[in-house]
Amino acid sequence: MKKAVVTVLLVVGIAALIVACGPAAPETVKFGVFEPLTGANAGGGALEVEGIKLANELYPTVQVGDKEYKIELVIADNKSDKVEAANAAQRLVDKDKVNVVLGSWGSSLSMAAGPIVKNAKVSAVGLSCTNPLVTKDNEYYFRVCFIDPFQGTVMANYAFKDLGAKKAVIIREVSNDYSVGLAKFFADAFKQLTGDENAILAELNYNTGDTDFSAQLTEVKKFRPDVIFAPGNYTESALIIKQAKELGITVPFLGGDTWETPEFIDVGKEAVEGVVFSTFFATETPITETSKVFLDEYRKKYNKEPAAVTALGFDGYLVARDAIQRAGSLDKEKIREAIAVTKDYPGATGMISLNEDGDAVKSAVIKTVKDGKFVYMTTVEPY
Amino acid sequence: MTLSLLFQHIVNALSLGSLYALIAIGYTMVYGILRLINFAHGDVFMLGAYVAFYMMTLLSLPWWVALLVAIVFTAFFGIGLERVAYRPLRDSPRISIMISAIAASFLLESLAVLIFGGRPKGVPVPDVLSRVIHFGSVSMIVISLIIPLFTFALLAVLLWIVNKTKTGMAMRAVSTDIEAARLMAVDVNKVVSFTFGIGSLLAAFGGIMWSFKYPQLNPLMGVMPGLKCFIAAVIGGIGSISGAVLGGFLLGIIEIMTVAFLPTLSGYRDAFAFILLIVVLLVKPTGLLGKRQAEKV
């Protein structure tokens with residue numbers, strides 16, 4: 001009898017404790033930051049996180065209805081690995097119960113999270129993942145950047161019109177959805193521009209994490225192309241270009257947005273001088289009021305020039321925050337609907353309007369490497 | 001394929017193969033003495049490269065001083081690792097010590113992420129080593145020429161140590177039977193420490209050469225080379241030093257020639273390494289230069 005009384009008292013006590021601690025919690029809105037912070041893509045992930053954190057410092061709260069919530073960033077490392085990415089996304093939606101997910105750098109990693117956010121009905125805002133499949137058939141995945149069919153066309157145009165190239169060789173990272181997709185869109189556009197079905201002389205493959213590309217590059221030498229298109233992860237790309245120079249290949253190298261990380265120049269050094277790639281944003285041409293705020297605050301805090309993906313991280317945070325404010329509710333479905341109708345939101349990278357696939361329609365920027373720095377060349381409007 | 005392209009491919013293959021050979025020797029030495037597959041070998045390789053990197057960047061030492069300091073440091077680190085992670089388990093079932101090796105590998109990788117950071121780093125390669133030299137239309141960088149020379153020099157030195165010196169005799173004795181060697185007054189601990197020192201020294205040297213040839217560091221950079229060089233050691237006959245060198249070159253040649261002759265299959269290059277391993281093991285289970293050993297009961 002005595003035992004039973006003690007047990008009941010204990011249970012009541014514990015229950016009271018839980019109740020006492022309980023209601024204090026939901027004063028925050030959680031943004032899951034889903035990024036590679038270790039592994040091959042860590043450089044890119046770190047740049048996006050910088051942008052998200054800066055936005056969080058400047059705009060730390062969100063107004064939902066008549067109540068103000070604090071925005072808490074829950075950072076999950078997807079370790080640049082597709083399996084780990086799925087685990088990290090699952091943890092964000094199940095355990096941390098985030099209201100919205102931001103990220104990831106790398107289309108393959110974002111695609112790994114796709115089905116998970118879809119099942120959990122949590123909206124995700126991709127920042128710089130450009131493969132069309134990220135948002136395709138997934139009404140819960142959005143992004144604040146353009147997609148690869150556009151980017152591939154921009155670079156094919158550059159190769160054909162500015163460089164006068166007639167024949168190209170493609171070197172792609174075959175285990176990376178981004179690289180394979182972008183290579184294909186480039187090839188399609190380039191063939192169309194040249195009117196030559198055989199304008200792509202060869203497509204050579206390598207794997208993520210490879211370091212020796214001498215065999216592939218020796219093959220490239222054989223084909224004597226006018227230009228080489230080599231979209232892929234920045235470390236591998238930098239090593240490819242360096243080894244190409246060592247083999248005496250002087251043909252211009254073109255690439256995509258993933259090249260814009262300090263590590264690309266750090267690894268490639270003099271070898272990457274003069275390479276040309278497309279990206280999202282240039283600090284030389286601030287577009288909106290938000291661009292100015294972003295640039296000023298970033299320079300003040302980090303004392304360097306921001307990368308395009310950092311600006312996208314900043315924008316992704318603001319778009320999600322704006323959507324929650326417009327939704328006026330933390331209901332998952334309401335948030336999704338609000339993000340989907342984002343129109344002319346003034347982000348740091350320009351006006352953001354999402355189309356029916358959830359992709360932003362925006363201009364692309366072409367940059368080159370000069371004296372160890374990324375330098376703005378031109379802006380290309382969406383077709 | 002023109003002759004000059006073929007020569008270029010051969011040069012590429014030899015330069016990659018010699019690097020594999022260099023790292024495979026370390027695997028084979030440790031296995032030869034202890035029958036232990038040192039899974040942490042690839043991570044010791046990574047550590048050597050990082051130490052040299054920090055010596056060059058933080059302390060601004062000249063590259064060859066950095067190289068020497070890193071090699072010596074890593075050799076002692078290897079000796080310490082053996083003492084902490086493997087020696088207490090020497091008389092336990094072989095599986096325990098193997099698990100301990102895997103644990104050591106993960107520990108080193110995670111520590112490297114914490115201490116060095118997960119973002120890749122670019123290595124300042126000394127100009128002397130990164131200069132491009134041309135032979136007709138075939139070109140290569142100086143380091144690609146140096147690595148094979150060092151590999152063969154080290155091979156010669158190691159064969160001399162193992163076969164001609166007293167320490168080498170002790171090593172062979174421990175390799176044959178630890179108990180019997182101990183009864184013959186061989187200081188087993190000393191021999192094992194020496195072996196780990198040499199193995200780690202080779203790993204560090206390989207790691208630094210690797211980082212000069214492919215100037216990029218990350219905490220997981222040792223995983224794939226570690227796996228490949230383990231394959232090289234097994235193909236050559238694990239435990240045999242000449243076998244490791246042979247296996248390393250064979251692997252390099254197969255990888256490069258796969259891409260050279262079958263460019264469309266270039267994405268499957270790693271798969272060919274594993275296929276080669278399976279074929280060799282099916283035909284000659286002890287590896288190309290391995291000796292059949294009677295199972296000790």
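The values are calculated or read from the model by the stated rules, or taken from the named source; none is laboratory data. These numbers were taken from a predicted model, which means no experiment stands behind them. As a convention, Cβ positions derive from the backbone with ideal geometry for all residues, glycine included, and neighbour counts pool all protein chains shown. Heads up: the accessible areas ignore ligands, DNA and RNA and are worked out on the full protein's heavy atoms, side chains in. Shrake-Rupley method; radii C 1.70, N 1.55, O 1.52, S 1.80 Å.
Summed over region B:175-226, the residues that are in a loop (DSSP other than H, G, I, E, B) and within 14 Å of chain A (Cβ to nearest Cβ) give a count of 7. Of the residues making up region B:86-96, those that are in a helix (DSSP H, G or I) and open to solvent by 20 Å² or more (accessible area, probe 1.4 Å) are B:ARG87, B:PRO88, B:LEU89, B:ARG94, B:ILE95, B:SER96. Among the residues of region B:39-77, those identified as open to solvent by 10 Å² or more (accessible area, probe 1.4 Å) and outside any helix (DSSP H, G or I) are B:PHE39, B:LEU58, B:LEU59, B:SER60, B:LEU61, B:PRO62.
Between A:VAL267, A:VAL276, which is at pLDDT 90 or above, at negative phi and away from every other protein chain (no Cβ under 14 Å)? Give the steps one after another, and end with the answer.
Values: A:VAL267 fails: away from every other protein chain (no Cβ under 14 Å).
Exactly one residue qualifies, and that residue is A:VAL276.
A count restricted to region B:240-256 and to residues that are open to solvent by 20 Å² or more (accessible area, probe 1.4 Å) and either closer than 29 Å to B:SER110 by Cα or within 8 Å of chain A (Cβ to nearest Cβ) (or both) stands at 0.
For residues in region B:263-285 being within 12 Å of chain A (Cβ to nearest Cβ) and surrounded by fewer than 13 Cβ atoms within 10 Å (Cβ to Cβ), which is modelled with the lowest pLDDT?
In this case the residue turns out to be B:THR264.
Here is a check on your reading of the model: is B:SER4 more than 14 Å from every other protein chain (Cβ to nearest Cβ), out of contact with any His (no Cβ under 6 Å at 6 or more places or on another chain) and either assigned to a helix (DSSP H, G or I) or free of Cβ contacts under 8 Å to residues at least 12 places away in the same chain (or both)? It is false that B:SER4 is more than 14 Å from every other protein chain (Cβ to nearest Cβ), out of contact with any His (no Cβ under 6 Å at 6 or more places or on another chain) and either assigned to a helix (DSSP H, G or I) or free of Cβ contacts under 8 Å to residues at least 12 places away in the same chain (or both).
Of the numbered criteria (1) over 30 Å from B:GLY136 (Cβ atoms); (2) surrounded by 21 or more Cβ atoms within 10 Å (Cβ to Cβ); (3) in contact with a strand residue (DSSP E or B) (Cβ under 7 Å, 6 or more places away or on another chain), the one A:PHE253 fails is (1). If you check A:VAL93, A:VAL101 for being more than 30 Å from A:ASP226 (Cβ to Cβ) and buried (at least 24 other Cβ atoms within 10 Å of the Cβ), only one passes: A:VAL101. The single condition among (1) at pLDDT below 90; (2) crowded, with 23+ Cβ neighbours inside 10 Å; (3) farther than 23 Å from A:SER237 by Cα that B:ALA260 does not satisfy is (3). Applying the set (1) part of a helix (DSSP H, G or I); (2) modelled with pLDDT under 90 to B:ILE133 leaves exactly one unmet item: (1).
Residue under question is B:PHE150, and the condition is that it be among the hydrophobic types (A, V, I, L, M, F, W, C), under 22 Å from B:ASP43 (Cα atoms), open to solvent by 70 Å² or more (accessible area, probe 1.4 Å) and more than 14 Å from chain A (Cβ to nearest Cβ); does it hold? I'd like the intermediate steps shown before the answer.
On the way: among the hydrophobic types (A, V, I, L, M, F, W, C): yes; under 22 Å from B:ASP43 (Cα atoms): yes; open to solvent by 70 Å² or more (accessible area, probe 1.4 Å): yes; more than 14 Å from chain A (Cβ to nearest Cβ): yes.
Judged against the criteria, B:PHE150 is a match.
Report yes if some residue within region B:7-18 is in contact (Cβ under 8 Å) with a residue 40 or more places away in the chain, out of contact with any Gly (no Cβ under 8 Å at 6 or more places or on another chain) and not in a helix (DSSP H, G or I); otherwise report no. No. Out of all the residues in region A:210-229, which are at the interface with chain B (Cβ under 7 Å from one of its Cβ atoms) and within 17 Å of B:GLY267 (Cα to Cα)? Matches in region A:210-229: A:THR211, A:ASP212, A:SER214, A:ALA215, A:GLN216, A:THR218, A:GLU219. Determine which single condition A:GLY248 fails, assuming it passes every other condition in (1) over 25 Å from B:SER130 (Cβ atoms); (2) in contact with a Ser or Thr (Cβ under 6 Å, 6 or more places away or on another chain); (3) small (Gly, Ala, Ser). Failed condition: (1).
For region A:213-229, filtering for residues that are assigned to a loop (DSSP other than H, G, I, E, B) and surrounded by fewer than 24 Cβ atoms within 10 Å (Cβ to Cβ) leaves 3.
Out of the residues in region A:179-209 that are assigned to a helix (DSSP H, G or I) and within 14 Å of chain B (Cβ to nearest Cβ), which is most open to solvent (accessible area, probe 1.4 Å)?
Selected residue: A:VAL180.
Check whether at least one residue in region B:131-145 is more than 14 Å from chain A (Cβ to nearest Cβ), among the hydrophobic types (A, V, I, L, M, F, W, C), touching a helix residue (DSSP H, G or I) at 6+ places or on another chain (Cβ under 9 Å) and loosely packed, with under 15 Cβ neighbours inside 10 Å, and report yes or no. Checked region B:131-145: no residue is more than 14 Å from chain A (Cβ to nearest Cβ), among the hydrophobic types (A, V, I, L, M, F, W, C), touching a helix residue (DSSP H, G or I) at 6+ places or on another chain (Cβ under 9 Å) and loosely packed, with under 15 Cβ neighbours inside 10 Å. Scanning region A:230-261 for residues that are at the interface with another protein chain (Cβ under 8 Å from one of its Cβ atoms) and among the β-branched types (Val, Ile, Thr) yields a total of 1.
Taking the condition at pLDDT 90 or above, among the β-branched types (Val, Ile, Thr) and in contact with a Lys or Arg (Cβ under 7 Å, 6 or more places away or on another chain), does A:ILE249 pass?
yes
Suppose we filter A:ALA120, A:ALA88 for residues that are in contact with a helix residue (DSSP H, G or I) (Cβ under 6 Å, 6 or more places away or on another chain) and crowded, with 16+ Cβ neighbours inside 10 Å; which single one remains? Lay out the reasoning, then the answer.
Working: A:ALA88 fails: in contact with a helix residue (DSSP H, G or I) (Cβ under 6 Å, 6 or more places away or on another chain).
Unique residue meeting the criteria: A:ALA120.
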